[in-house]
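Heads up, the thing below is written out as C-alpha coordinates.
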Amino acid sequence: MIEEVKTQAKVGVGLNALWKALAKELRFVVPEVLPNIVKDVELIEGDGGLGTVLLFNFFSGDVSVAAYQKEEIVELDESLHRIALQVQKGGHLSKGFSFYKTTFQLNAIAEQETLVDVIVSSETETDQESTMPSKTIEATLEFLKCLETYIMNGAS
(Lines give C-alpha, C1' and ligand atoms only; values in the text may rest on other atoms or scores of the structure.)
Protein backbone atom coordinates (compact mmCIF):
# COMPACT_ATOMS: atom_id res chain seq x y z
CA MET A 1 0.00 0.00 0.00
CA ILE A 2 1.32 3.42 -0.96
CA GLU A 3 1.65 5.82 1.97
CA GLU A 4 1.96 9.59 1.78
CA VAL A 5 3.66 12.12 4.05
CA LYS A 6 2.81 15.77 3.37
CA THR A 7 4.11 19.17 4.43
CA GLN A 8 4.17 22.78 3.32
CA ALA A 9 6.84 25.46 3.29
CA LYS A 10 6.76 29.17 2.57
CA VAL A 11 9.71 30.29 0.48
CA GLY A 12 10.66 33.96 0.27
CA VAL A 13 11.20 34.06 -3.47
CA GLY A 14 8.81 34.51 -6.37
CA LEU A 15 7.03 31.63 -8.04
CA ASN A 16 8.77 32.02 -11.41
CA ALA A 17 12.29 32.09 -9.94
CA LEU A 18 11.57 29.06 -7.75
CA TRP A 19 9.96 27.12 -10.62
CA LYS A 20 12.92 27.87 -12.89
CA ALA A 21 15.40 26.55 -10.31
CA LEU A 22 13.34 23.53 -9.29
CA ALA A 23 11.96 22.39 -12.63
CA LYS A 24 14.13 23.78 -15.39
CA GLU A 25 17.62 23.94 -13.86
CA LEU A 26 17.39 21.21 -11.21
CA ARG A 27 20.41 19.22 -12.36
CA PHE A 28 22.63 22.30 -12.23
CA VAL A 29 21.16 23.82 -9.08
CA VAL A 30 21.20 20.79 -6.73
CA PRO A 31 25.01 20.41 -6.55
CA GLU A 32 25.29 24.18 -5.95
CA VAL A 33 22.63 24.18 -3.23
CA LEU A 34 23.81 20.94 -1.54
CA PRO A 35 27.57 20.95 -2.24
CA ASN A 36 28.45 18.68 0.71
CA ILE A 37 25.90 16.02 -0.24
CA VAL A 38 25.45 15.95 -4.02
CA LYS A 39 28.60 15.62 -6.11
CA ASP A 40 26.80 16.04 -9.44
CA VAL A 41 23.59 15.31 -11.32
CA GLU A 42 23.92 13.62 -14.71
CA LEU A 43 21.32 13.77 -17.46
CA ILE A 44 20.86 10.11 -18.42
CA GLU A 45 17.85 10.42 -20.71
CA GLY A 46 15.55 13.17 -21.97
CA ASP A 47 15.70 16.94 -22.30
CA GLY A 48 14.75 18.06 -18.81
CA GLY A 49 11.04 17.58 -19.39
CA LEU A 50 8.61 14.78 -18.57
CA GLY A 51 10.30 11.39 -18.70
CA THR A 52 13.79 12.80 -18.12
CA VAL A 53 16.04 10.50 -16.08
CA LEU A 54 18.63 12.06 -13.77
CA LEU A 55 21.44 10.36 -11.88
CA PHE A 56 22.22 12.01 -8.53
CA ASN A 57 25.75 11.10 -7.40
CA PHE A 58 26.36 11.59 -3.69
CA PHE A 59 29.60 12.05 -1.80
CA SER A 60 30.46 8.91 0.13
CA GLY A 61 30.51 8.96 3.90
CA ASP A 62 27.80 11.60 4.27
CA VAL A 63 24.18 11.35 5.40
CA SER A 64 22.88 10.15 2.03
CA VAL A 65 21.24 6.76 1.77
CA ALA A 66 23.46 5.48 -1.02
CA ALA A 67 26.24 6.47 -3.40
CA TYR A 68 23.70 7.38 -6.09
CA GLN A 69 20.02 7.64 -6.88
CA LYS A 70 18.47 7.52 -10.35
CA GLU A 71 15.24 9.52 -10.60
CA GLU A 72 12.72 10.12 -13.36
CA ILE A 73 10.56 13.20 -13.79
CA VAL A 74 7.15 11.49 -13.78
CA GLU A 75 5.02 14.59 -13.49
CA LEU A 76 5.69 18.03 -14.94
CA ASP A 77 2.92 20.59 -15.30
CA GLU A 78 4.06 24.10 -16.22
CA SER A 79 0.59 25.63 -15.77
CA LEU A 80 0.12 24.16 -12.28
CA HIS A 81 3.81 24.49 -11.33
CA ARG A 82 3.91 20.84 -10.26
CA ILE A 83 6.86 18.46 -10.59
CA ALA A 84 7.32 14.93 -9.29
CA LEU A 85 10.46 12.79 -9.26
CA GLN A 86 10.30 9.04 -8.77
CA VAL A 87 13.27 6.97 -7.72
CA GLN A 88 14.09 4.35 -10.38
CA LYS A 89 17.26 2.81 -8.95
CA GLY A 90 19.57 3.10 -5.95
CA GLY A 91 18.91 5.44 -3.06
CA HIS A 92 15.66 4.65 -1.29
CA LEU A 93 15.07 1.56 -3.44
CA SER A 94 18.24 0.13 -1.90
CA LYS A 95 16.73 0.67 1.56
CA GLY A 96 13.65 -1.56 1.39
CA PHE A 97 11.30 0.54 -0.72
CA SER A 98 9.60 -0.66 -3.89
CA PHE A 99 8.22 2.80 -4.74
CA TYR A 100 9.42 6.29 -3.75
CA LYS A 101 8.24 9.59 -5.24
CA THR A 102 8.57 13.23 -4.18
CA THR A 103 6.10 15.80 -5.54
CA PHE A 104 6.42 19.58 -5.37
CA GLN A 105 3.41 21.85 -5.94
CA LEU A 106 4.21 25.59 -6.11
CA ASN A 107 1.63 28.33 -5.50
CA ALA A 108 2.27 32.07 -5.44
CA ILE A 109 1.32 33.78 -2.18
CA ALA A 110 2.77 37.19 -3.00
CA GLU A 111 5.19 38.63 -5.55
CA GLN A 112 8.21 37.38 -3.58
CA GLU A 113 6.65 34.50 -1.66
CA THR A 114 5.73 30.99 -2.75
CA LEU A 115 3.94 28.19 -0.92
CA VAL A 116 5.41 24.78 -1.67
CA ASP A 117 3.35 21.66 -0.97
CA VAL A 118 5.57 18.58 -0.69
CA ILE A 119 4.25 15.02 -0.86
CA VAL A 120 6.47 11.98 -0.35
CA SER A 121 4.73 8.83 -1.60
CA SER A 122 6.29 5.49 -0.75
CA GLU A 123 5.72 1.77 -0.52
CA THR A 124 7.91 -0.66 1.37
CA GLU A 125 8.75 -4.15 0.18
CA THR A 126 7.57 -5.47 3.55
CA ASP A 127 4.73 -4.43 5.85
CA GLN A 128 7.05 -2.70 8.30
CA GLU A 129 6.77 1.05 8.76
CA SER A 130 9.68 3.29 7.93
CA THR A 131 10.77 6.72 9.14
CA MET A 132 12.47 7.40 5.79
CA PRO A 133 9.55 9.42 4.29
CA SER A 134 9.55 11.72 7.35
CA LYS A 135 13.32 12.12 7.04
CA THR A 136 12.88 12.92 3.35
CA ILE A 137 10.35 15.62 4.28
CA GLU A 138 12.86 17.13 6.74
CA ALA A 139 15.65 17.00 4.15
CA THR A 140 13.36 18.51 1.50
CA LEU A 141 12.45 21.41 3.79
CA GLU A 142 16.15 22.02 4.41
CA PHE A 143 16.77 21.85 0.63
CA LEU A 144 14.03 24.45 0.05
CA LYS A 145 15.65 26.78 2.63
CA CYS A 146 19.02 26.39 0.88
CA LEU A 147 17.37 26.91 -2.51
CA GLU A 148 15.71 30.09 -1.23
CA THR A 149 19.09 31.44 -0.08
CA TYR A 150 20.69 30.43 -3.39
CA ILE A 151 18.06 32.33 -5.40
CA MET A 152 18.07 35.35 -3.07
CA ASN A 153 21.83 35.60 -3.52
CA GLY A 154 21.29 36.18 -7.23
CA ALA A 155 21.88 32.71 -8.63
CA SER A 156 19.56 31.06 -11.15
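The values are calculated or read from the model by the stated rules, or taken from the named source; none is laboratory data. Here the structure is a predicted model, which is why all the values come from computation and not from measurement. Accessible surface is based on the protein model in full, side chains and every heavy atom, while ligands, DNA and RNA are left aside. Shrake-Rupley method; radii C 1.70, N 1.55, O 1.52, S 1.80 Å.
Worth pointing out:
- Residue-averaged [θ]222 nm for the chain, counting only DSSP H segments that reach four residues, each worth -39500 (n - 2.57): -6500 deg cm²/dmol
- Each residue of region 141-147 is assigned a 3J(HN,Hα), and the resulting list reads 5, 5, 4, 5, 5, 5, 5 Hz, derived from the Karplus form 6.51 cos²θ - 1.76 cosθ + 1.60 (θ = phi - 60°), x at Gly and Pro.
- Protein accessible area in region 67-156, 1.4 Å probe - carbon and sulfur %: 46 percent
- For region 41-47, 3J(HN,Hα) per residue [Karplus equation, 6.51 cos²θ - 1.76 cosθ + 1.60, θ = phi - 60°, Hz, x = Gly/Pro]: 10, 9, 7, 8, 7, x, 10
- Other-chain or far-sequence residues with amide H under 5 Å of Glu25's (modelled H): none
- Segment Met152-Glu25, length gained on full extension (0.36 nm per residue, minus Cα span): 44.1 nm
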